[in-house]
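Only one structure is covered here, and it is reproduced in the block below.
The values are calculated or read from the model by the stated rules, or taken from the named source; none is laboratory data. Just so we're clear, the structure is a prediction, and the values are computed from it rather than from any experiment. Using ideal geometry, Cβ is built from the backbone for each residue, glycine included, and neighbour counts are taken over all protein chains shown.
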Amino acid sequence: MIYFINVVYSDALKCVHTIIVITSNKIQLPGEFVFLLSLTSCWAHGLHCIRRQHTDEAKTGRHTGTTVNFVLLGAAGTGKSASGNTILGKKHFISRPSSKPVTTKCQNGQTKINDLHVRVIDTPDIFDDEIGSSVRNKHMNRCKELCESGPCVYVLVMHVSRFTDGERDIMETLEEDFGSEVSGRTIILFTRGNDLQQAGMGLEDFLHSCQPDLKKMVEKCGNRCVLFENNKSGSDQVEKLMEKVNTILEDQKSL
């Protein structure tokens with residue numbers, strides 16, 4: 001027996017799918033919603049696995065059409081722009097050796113990673129005491145404008161072989177600028193991963209032996225750390241970053 005059933009999957013989806021079901025059992029149709037829990041055989045024209053898709057999206061923090069903002073923060077010379085290019089998978093931001101800051105204004109580039117729309121926001125050194133408050137506020141306001149389109153993940157970029165006095169209070173500064181909940185959305189990205197490799201160390205070895213102030217910073221950010229070597233090809237390091245991002249999106253229920 002063939003039944004043509006119009007199924008309203010859920011109020012949230014607000015979409016109707018027509019399913020053609022062949023079964024020997026008599027089906028009693030409820031008023032508004034139909035759920036078929038056991039089917040002998042099923043053909044569906046244009047049928048998509050919506051339930052599974054939404055379950056997967058809930059687990060990974062992904063949602064079709066939503067743009068997640070990656071805000072790259074950190075001192076000048078730590079490799080923010082180079083890391084942004086690694087995430088984007090292309091050379092989008094200017095990155096070169098220089099005795100003075102190369103990035104002088106907020107810039108952004110977009111890509112798609114594992115079906116997630118990503119906007120990478122590269123920022124100047126907003127922690128530099130030498131820049132005036134008006135310039136700093138201008139950078140901050142522009143950064144916040146770019147973040148209005150969707151949830152934000154803050155990526156604090158630090159040189160793995162250098163921890164400066166100016167970086168010790170960086171989380172307190174971020175809380176003042178972005179709110180007290182910023183640490184729950186922050187990932188620490190250490191650059192120059194090759195330095196550790198040459199020393200025969202891994203990221204865990206480094207974190208175990210790092211300075212107490214840096215260790216406190218890492219703990220405050222939920223121990224969410226990744227190691228980048230921006231001269232390295234391949235997507236493994238970006239995948240590790242995405243694992244941390246998805247954890248934040250799940251915990252914060254941002255989508």
The listed residue being touching a His at 6+ places or on another chain (Cβ under 9 Å) and hydroxyl-bearing (Ser, Thr, Tyr), out of Thr111, Thr103 = Thr111
message = Here's a check for you: in the stretch 178-188, which residue that is touching a helix residue (DSSP H, G or I) at 6+ places or on another chain (Cβ under 7 Å) and part of a helix (DSSP H, G or I) is surrounded by the fewest Cβ atoms within 10 Å (Cβ to Cβ)?
response = Gly184
message = All but one of (1) modelled with pLDDT under 95; (2) touching a strand residue (DSSP E or B) at 6+ places or on another chain (Cβ under 6 Å) hold for Tyr154; state the number of the condition that does not hold.
response = (1)
key: Matching residues, the stretch 100-137, being part of a loop (DSSP other than H, G, I, E, B), surrounded by fewer than 19 Cβ atoms within 10 Å (Cβ to Cβ) and among the charged types (D, E, K, R)   = Lys100, Lys105, Asp115, Asp128, Asp129, Glu130
note = With criteria (1) of a type outside the set (Val, Ile, Thr); (2) under 24 Å from Val68 (Cβ atoms); (3) modelled with pLDDT under 90, Asp129 comes up short on (2)
ask   = Hey, does the stretch 212-232 have a residue that's among the acidic types (Asp, Glu) and under 22 Å from Ala82 (Cβ atoms)?
value = yes
note = Being surrounded by fewer than 17 Cβ atoms within 10 Å (Cβ to Cβ) and either within 22 Å of the chain's Cα centre (by Cα) or over 14 Å from Gly74 (Cβ atoms) (or both) narrows Pro212, Pro151 down to just Pro212
ask   = Is it fair to say Thr191 is under 18 Å from Ala82 (Cβ atoms), buried (at least 18 other Cβ atoms within 10 Å of the Cβ), assigned by TED's automatic domain parsing to the domain that holds Arg96 and touching a Gly at 6+ places or on another chain (Cβ under 9 Å)?
value = yes
ask   = Among (1) at pLDDT below 95; (2) closer than 22 Å to Leu174 by Cβ; (3) charged (D, E, K, R), where does Glu219 come up short?
value = (1)
key: Whichever residue in the stretch 66-81 is more than 10 Å from Asp122 (Cβ to Cβ) and of a type in the set (A, V, I, L, M, F, W, C) and, among such residues, is surrounded by the fewest Cβ atoms within 10 Å (Cβ to Cβ)   = Ala76
